[in-house]
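The values are calculated or read from the model by the stated rules, or taken from the named source; none is laboratory data. As the structure is a computational prediction, the values presented were derived from the model and not from experiment. Here the Cβ positions follow ideal geometry from the backbone for every residue, glycine too, while neighbour counts run over all protein chains shown.
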Amino acid sequence: MKIVTWNCNGAFRRKFNFIDEFDADIYVIQECENPLETGHLDYIEWAKNHLWVGDSKHKGLGIFVKGDIKLEKLEWPTIYKDHSVKHFLPCLINGNTQFIGVWAHSNKSPNFGYIGQFWKFIQLHKSKFNEIVIAGDFNSNVKWDQWDRWWNHSDVIRELKETNIESLYHTYFEELQGSEVQPTFFLQKNLNKPYHIDYIFGSPAFRNNLEKIEMGKVEDWIKHSDHLPMIAEFSS
């Protein structure tokens, strides 16, 4: 099995053919158009087996899978203490594997933007986590932890580890959170402003079956987006 997550930086209807070269089973795409509200016929055909969520038909979070994969949305609540969190897309793959697509949003929250949104989401649902993959753009890194918050990146990593879920990149490359050698994002496409803010997390079965993690080459992808694709391959 192969999983790809990529923030396409918009206009995915003109870019899906580039990402398709990976021949992945599952794509998690941030900032993509809603396939059900586009007039682009090739994109509609490519996205015939998908789930999507977003505030605007022009920009949201999509999960796209091969035609022989059963994709079922999980109706998990997104309200935490009277506040909606976004954007998260929980689903079942082939009826037995939990999968959560992520595009961590500011959500106009002065305190709980980005990783705070995901922290709230896992408070709602971590008791449900089983064999699971969580993948996407988290807009976060341990380098941005703040001393007076209990929902820092480090706190999220700790809570996930308590449920036996860990970052596949860090497992594979044996790197510490915050010390990543390979960036996933270049602010304003400036190669002098690299950050690691995209992640694929997995429970033990996925870590044990992980064969490879890699990023798309900068020279191939920087013209399409400020993010690089992250690709995970598994033995089964």
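Details
- Of all residue pairs spaced 6 or more apart or on separate chains, those with beta-carbon atoms under 7 Å, a first member in the range 24-49 that is touching a residue at least 60 places away in the same chain (Cβ under 8 Å) and a second member that is among the basic types (Lys, Arg) are Ala24/Lys2; Glu31/Lys59.
- Within this structure, His83 fails the test of being without any contact (Cβ under 8 Å) to a residue 60 or more places away in the chain and surrounded by 13 or more Cβ atoms within 10 Å (Cβ to Cβ).
- Close pairs (6 angstrom Cβ cut-off, 6 or more residues apart or separate chains): of a type in the set (Val, Ile, Thr) in the range 110-127, outside any helix (DSSP H, G or I) anywhere: Ile115/Ser140
- When the range 121-134 is filtered for residues that are surrounded by 22 or more Cβ atoms within 10 Å (Cβ to Cβ) and out of contact with any helix residue (DSSP H, G or I) (no Cβ under 9 Å at 6 or more places or on another chain), only Phe121 remains.
- Residue in the range 88-96 that is without any contact (Cβ under 8 Å) to a residue 24 or more places away in the chain and either of a type in the set (Phe, Trp, Tyr) or surrounded by fewer than 19 Cβ atoms within 10 Å (Cβ to Cβ) (or both) present: yes
- Selection count where residues are charged (D, E, K, R) and either in contact with a Cys (Cβ under 7 Å, 6 or more places away or on another chain) or not in a helix (DSSP H, G or I) (or both), scope the range 14-27: 3
To keep it simple, each residue is scored yes or no on (1) modelled with pLDDT of 95 or more; (2) over 17 Å from the mean Cα position of the chain (by Cα); (3) β-branched (Val, Ile, Thr); (4) exposed (fewer than 15 other Cβ atoms within 10 Å of the Cβ).
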| position | (1), (2), (3), (4) |
| --- | --- |
| Lys193 | yes, yes, no, yes |
| Glu219 | yes, yes, no, yes |
| Ile222 | yes, yes, yes, no |
| Leu228 | yes, no, no, no |
| Ala232 | yes, no, no, no |
| Ser236 | no, yes, no, yes |
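- Qualifying residues in the range 106-117 (those that are under 17 Å from Asn7 (Cα atoms) and out of contact with any helix residue (DSSP H, G or I) (no Cβ under 6 Å at 6 or more places or on another chain)) - the one surrounded by the most Cβ atoms within 10 Å (Cβ to Cβ): Tyr114
- Out of Pro183, Pro194, sole residue that is in contact with a His (Cβ under 6 Å, 6 or more places away or on another chain) and either basic (Lys, Arg) or over 29 Å from Tyr80 (Cβ atoms) (or both): Pro183
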